[in-house]
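What follows is a single structure, written as structure tokens, with notes after it.
The values are calculated or read from the model by the stated rules, or taken from the named source; none is laboratory data. Note that the structure is predicted; figures quoted are calculated from it, not measured. Here the Cβ is made from the backbone with ideal geometry for all residues, glycine too, and neighbour counts use every protein chain on show.
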């Protein structure tokens, strides 16, 4: 077994707000992240799959295929979007798009596509909000 | 003469839209950057001053002072803000917050504060929108 | 379970010397790291906690709180200090502040504070001495 | 137990080709990586050993020794070489030097040298082909 | 006047050899860079244009256009190629593809395309062979 | 004319103190940088030379030669040293080793060696104290 990782980046807006709370409570809990107009980040998404290197191609998975999966399953919906307002996982469930929740959402989007392709399995998803902050999710274990 | 540079970062939202244009025209010119809800970036601001190193302290300027100037003049207004909606240079003049215009706005905020302090002059301002894209401004020359 | 990581940096001096050894023996074992006046590094400390994302806030832990814990428990004593001479773990026990021992010391300082807060547990501590060298500790297992 | 990691870099050429396939089939499977004259990368090799920090030196292993092991076992044969044509693991077995296979080859070269030295064991090998793509191998488990 | 810069990357092989010289002389002058099968790098190309920010769009040039120019004029011929054997500037003139000569070749390819478009002029081209080595060219001055 | 740059790194200790001042005055002016036992950094030194690319070799200067010059003229004295106590420019003249003064000292060491070799001239020296702070010197102009 060997792990293969590919990074991708996307730029998005978000805010941290609980609409059931007052403005004061939101500011107290979330600070400047609560501001109504939102702010944004260059996110880095790191997707790791694990499996055996194919004896003929030497690939765990084709990196071009993995790039397309990341593009189709995550970036097409997340890049140049306001996560709270436009991405279903957050918009419909009023779920706050913290780095943790973005990593879980990305896993839930990527895992079926990787599983369906066979051969390799999704091993971990890491999301950097800034170079100083990242969340890592390995699925329910 | 020697140059001294300090970097700072801020996270902000923006979009590229000309409100006098139709939605189609905005999308044609600005692509996904035109989307109404905005998107965001981790910006890096690089501020360079030039002068003589003080013979006693060895400083062109005190870096703690420079950090405070960057914080007070730029970050206090730009960080965790929507540039089009909340920052006067862009909001009031309907100026599009491209990397170029952010660099010019930062220069115009920083230059008077550096000049007033004496000793050193503002030499250049560089703004990175992503690690792959940056604008650099040296004032009107 | 999901992991959340925050990075911080500190600048410190150290040397590698065993005072029970001769100058020659110190130089033989530790090379230029043994020099009496010390040398220094910009260290990067990467602190990872694991837990469940809170269903209301979306946080494993509040990153502002984690930043304060890192500041109070580690940086307040390590930053802009000579590790061998001023930090108790090394100064009192004549323990050599290798990257490995710095990571263990940071873990031992951070673990009680994270445990006491409840909700999440300290999962790993990584210390970079340079971008090319790092140690990682996950506690006694 | 604590882990200690050292990074090294090497520059090499390679191509992805299966000589049993037609030019068309190679191009279909491997795209521009199949081109006959090869292309190249600055690879980063990250070698991690695990063990106890020696109570006297504070070392899991001497980093100078680890640097020499990486140089002697891997870089001496891989750096400034064409992997397909000059490195035995790939040249003799017609094995394609994908990032995955390079990581496995580096593990197989490093593991005996680390084991023979005693004290620490090889824990993982990570190879970056670019900052966006890396493979990680932990041996047969 | 303001400068706008965009980075791109390409992976290529090369060697440093003067075919008029003996093997010994090539090795003496160029060391391991002279090896016949070549080696490779992940190059970073940084292209800077200067001009006025357009009052309506806020652009010196459209970054999407600049990306296409870099792709069409440089990357299409340089990426995943052996510079000595496949790129005309080097192959036909037996010119050695040092970082310096790659920067000059990139300038000579980009300058007419930027000039023809009007509005901005090519200001500088920087090429990184590794993160530690780069050449910068500003045209004949 | 083209510029060629090579980076090198060194690790050193320093403090900011004026021995003619009281402890209080030192702390007031220099803050935690004034602490008596010193602290340290991983410095990055970026050395740029300019000249014509040699028509035969394609080199402005041989990078191996430039590496040796940097090693012999600067790193041999600066690396793994306490700048205030062990490096003559600072120790003998009680000059404070700020980033500015380190850049000037490096220039004054490198310039004669580059000039003596002929062909190229030293164009600029940049010193990073951290990734966020750097000084750049181009000689007396």
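Consider residue C:32 carefully, then state whether it is within 14 Å of chain F (Cβ to nearest Cβ), assigned to a loop (DSSP other than H, G, I, E, B) and without any contact (Cβ under 8 Å) to a residue 60 or more places away in the chain. Walk me through it before giving the result.
Working: within 14 Å of chain F (Cβ to nearest Cβ): yes; assigned to a loop (DSSP other than H, G, I, E, B): no; without any contact (Cβ under 8 Å) to a residue 60 or more places away in the chain: yes.
Against the criterion (within 14 Å of chain F (Cβ to nearest Cβ), assigned to a loop (DSSP other than H, G, I, E, B) and without any contact (Cβ under 8 Å) to a residue 60 or more places away in the chain), residue C:32 does not qualify.
Within the range A:63-73, track down each residue that is closer than 16 Å to residue A:111 by Cα, surrounded by fewer than 19 Cβ atoms within 10 Å (Cβ to Cβ) and either within 15 Å of the chain's Cα centre (by Cα) or without any contact (Cβ under 8 Å) to a residue 12 or more places away in the chain (or both).
Result: A:67, A:68, A:71, A:72.
Do we find a residue being away from chain C (no Cβ under 14 Å), touching a residue at least 60 places away in the same chain (Cβ under 8 Å), touching a strand residue (DSSP E or B) at 6+ places or on another chain (Cβ under 7 Å) and not in a strand (DSSP E or B) anywhere in the range F:10-21?
no
Hey, among the residues in the range B:1-37 that are within 18 Å of residue B:77 (Cα to Cα) and buried (at least 20 other Cβ atoms within 10 Å of the Cβ), which one's farthest from the chain's Cα centre (by Cα)?
B:15
For residue F:137, are the conditions met, namely being closer than 30 Å to residue B:128 by Cβ, in contact with a helix residue (DSSP H, G or I) (Cβ under 6 Å, 6 or more places away or on another chain), modelled with pLDDT of 95 or more and surrounded by 15 or more Cβ atoms within 10 Å (Cβ to Cβ)? Explain how you work it out, then say what you get.
Numbers: closer than 30 Å to residue B:128 by Cβ: yes; in contact with a helix residue (DSSP H, G or I) (Cβ under 6 Å, 6 or more places away or on another chain): yes; modelled with pLDDT of 95 or more: yes; surrounded by 15 or more Cβ atoms within 10 Å (Cβ to Cβ): yes.
Yes; evaluated as a whole, the condition is true for this residue.
How many residues, within the range A:106-129, are more than 14 Å from chain B (Cβ to nearest Cβ) and in contact (Cβ under 8 Å) with a residue 24 or more places away in the chain?
16
From A:132, A:71, grab the single residue that is within 30 Å of residue D:26 (Cα to Cα) and within 14 Å of chain B (Cβ to nearest Cβ).
Result: A:71 is the single residue among A:132, A:71 that is within 30 Å of residue D:26 (Cα to Cα) and within 14 Å of chain B (Cβ to nearest Cβ).
Kindly indicate whether any position in the range C:79-86 is touching a helix residue (DSSP H, G or I) at 6+ places or on another chain (Cβ under 7 Å), over 18 Å from residue D:53 (Cβ atoms) and surrounded by 18 or more Cβ atoms within 10 Å (Cβ to Cβ).
Yes, that holds for at least one residue.
Within the range E:36-54, track down each residue that is out of contact with any strand residue (DSSP E or B) (no Cβ under 7 Å at 6 or more places or on another chain) and either within 13 Å of chain D (Cβ to nearest Cβ) or modelled with pLDDT under 95 (or both).
Scanning the range E:36-54 gives a single hit, E:36.
Looking at D:60, D:87, which one is in contact with a strand residue (DSSP E or B) (Cβ under 9 Å, 6 or more places away or on another chain) and more than 22 Å from residue D:11 (Cβ to Cβ)?
After ruling out the rest, the residue left standing is D:60.
May I ask you to verify whether residue D:42 is over 22 Å from the mean Cα position of the chain (by Cα) and not in a loop (DSSP other than H, G, I, E, B)?
It is false that residue D:42 is over 22 Å from the mean Cα position of the chain (by Cα) and not in a loop (DSSP other than H, G, I, E, B).
Could you tell me whether any residue of the range E:96-110 is modelled with pLDDT under 95 and surrounded by fewer than 21 Cβ atoms within 10 Å (Cβ to Cβ)?
Looking for residues that are modelled with pLDDT under 95 and surrounded by fewer than 21 Cβ atoms within 10 Å (Cβ to Cβ), one finds none in the range E:96-110, hence no.
Are any residues in the range C:38-58 buried (at least 18 other Cβ atoms within 10 Å of the Cβ) and without any contact (Cβ under 8 Å) to a residue 12 or more places away in the chain, and if so, which ones?
Passing the criteria: only C:58.
Just to be sure I understand, how many residues within the range A:74-105 are facing another protein chain (nearest Cβ under 9 Å), farther than 22 Å from residue C:56 by Cβ and under 11 Å from the mean Cα position of the chain (by Cα)?
The number of residues fulfilling the criteria is 1.
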